[in-house]
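S.K.: Shown below is the structure under consideration.
The values are calculated or read from the model by the stated rules, or taken from the named source; none is laboratory data. In this text, all values refer to a predicted model and were calculated from it rather than measured experimentally. Using ideal geometry, Cβ is built from the backbone for each residue, glycine included, and neighbour counts are taken over all protein chains shown. Ligands, DNA and RNA are stripped out before the accessible areas are found, and what is left, the full protein with its side chains, is counted by its heavy atoms. Shrake-Rupley method; radii C 1.70, N 1.55, O 1.52, S 1.80 Å.
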Amino acid sequence: GEEVAQTPKHLVRGEGQKAKLYCAPIKGHSYVFWYQQVLKNEFKFLISFQNENVFDETGMPKERFSAKCLPNSPCSLEIQATKLEDSAVYFCASSQWDRGGYEQYFGPGTRLTVT
Amino acid sequence: GESVGLHLPTLSVQEGDNSIINCAYSNSASDYFIWYKQESGKGPQFIIDIRSNMDKRQGQRVTVLLNKTVKHLSLQIAATQPGDSAVYFCAETPDKLIFGTGTRLQVFP
């Protein structure tokens, strides 16, 4: 498609439950990025993919967060055993190029609320 | 660590006036900069970008200025309109995007 799609729009989980977020990048874009935005503040980079391969995962809290981009499937970001501090809006972005030579197009985000 | 920051958290301007939003960055290796606009409940929307080998770039009603000497970036919006009301983020990248904390632009009639 011509826009980055993210589902669900809102997700509520009790502390300790699992959360799974989905992202469909713009068709033809080979790079996918996940960001976390807390309280309208700055974006925290989590992970990026080049096609189905992890490109940069330096921002991922690896003990509970995982992500995948499999062929012919939406990309996913999964949080095991959610904590209150995971409450945030999670944005996915796609790009034709990883170094920002082409801008990253953002989806509308998934708002995760952990209660 | 490396960071991108904004000088003013909120900017209020009258409709029709010009707006200037400033941003400081600290990563000397950054070679590409982007301004994003984020409206309430939406994802960031690309406004304009600039490479480090340039010091000015103009778009429709927007201009980005880059001063590498003092590591400063600014976004100028001409004839600000109510639809420009949003939070504006600057972002830098040597590889992944590093965002600043955002400036809220409020346009009043």
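S.K.: Give me the percent relative contact order of chain A, please, defined on Cα pairs under 8 angstrom at least 6 residues apart. Intermediate values should be presented prior to the final figure.
M.R.: Working: 289 pairs, mean separation 42.3, N = 115.
Relative contact order, chain A: 37 percent.
S.K.: Now, a different point. Go through A:78-85, B:101-108, B:51-58 and give me the packing order, highest mean Cβ count within 10 Å leading. Don't jump to the answer; show the numbers that get you there.
M.R.: Details: A:78-85: 14.2, B:101-108: 18.0, B:51-58: 12.2.
Top to bottom by mean Cβ count within 10 Å: B:101-108, A:78-85, B:51-58.
S.K.: Which whole-number percent is the relative contact order of chain B (Cα, under 8 Å, 6+ apart)? Intermediate values should be presented prior to the final figure.
M.R.: Numbers: 272 pairs, mean separation 41.1, N = 109.
Relative CO of chain B lands at 38 percent.
S.K.: Further question on the same structure: Can you pull the mean other chain C-beta count within 10 Å for peptide B:29-35? Kindly include the intermediate steps, with their values, before the conclusion.
M.R.: Numbers: counts 0, 1, 3, 5, 1, 3, 0.
Per-residue shielding by partner chains comes out at 2.
S.K.: Charges only on Cβ, +1 for Lys and Arg, -1 for Asp and Glu: so what's the dipole of chain B about the Cα centre, in debye to the nearest 20? Present the calculation step by step, with values, prior to reporting the outcome.
M.R.: On the way: 10 positive and 10 negative charges, 17 e Å.
Once rounded to the nearest 20, the dipole reads 80 debye.
S.K.: Please state, to two decimals, what the Cα-based radius of gyration of the protein assembly as shown comes to when divided by 2.2 N^0.38 Å (N = residues). Walk me through the numbers on the way to the answer.
M.R.: Details: Rg = 17.5 Å, N = 224, 2.2 N^0.38 = 17.2 Å.
After normalising by residue count via 2.2 N^0.38 Å, the value is 1.02.
S.K.: So if R0 is 25 Å, what FRET efficiency would A:SER66 and B:LYS42 give, r being the distance between their Cβ atoms, rounded to the nearest 0.05?
M.R.: 0.40
S.K.: On the accessible surface of chain A, probed at 1.4 Å, how many percent belong to carbon and sulfur atoms? Numbers along the way, then the final one.
M.R.: Working: 2920 of 5910 Å².
About 49 percent, which is the carbon plus sulfur part of the accessible surface.
S.K.: Hey, got the dipole for the protein assembly as shown? About the Cα centre, +1 on K and R Cβ, -1 on D and E Cβ, debye to the nearest 20?
M.R.: Details: 23 positive and 23 negative charges, 54 e Å.
Here the protein assembly as shown has a charge dipole of around 260 debye.
S.K.: What does the average come to when, for each residue of peptide B:36-45, you count the partner chain Cβ atoms lying within 10 Å of its Cβ? Walk me through the numbers on the way to the answer.
M.R.: Details: counts 4, 0, 6, 0, 1, 5, 5, 14, 11, 2.
Per residue, the number of nearby Cβ atoms from other chains is 5 on average.
S.K.: Let me know the mean shielding of A:66-79 by other chains, meaning the per-residue number of their Cβ atoms within 10 Å of its Cβ. If you can, show how the numbers build up before the last one.
M.R.: On the way: counts 0, 0, 0, 0, 0, 0, 0, 0, 0, 0, 0, 0, 0, 0.
Across A:66-79, the average partner-chain Cβ count within 10 Å equals 0.
S.K.: Along the charge dipole of region A:5-98, Cβ charges K/R +1 and D/E -1, which of A:TYR35, A:CYS69, A:ALA24 sits furthest on the positive end?
M.R.: Result: A:ALA24.
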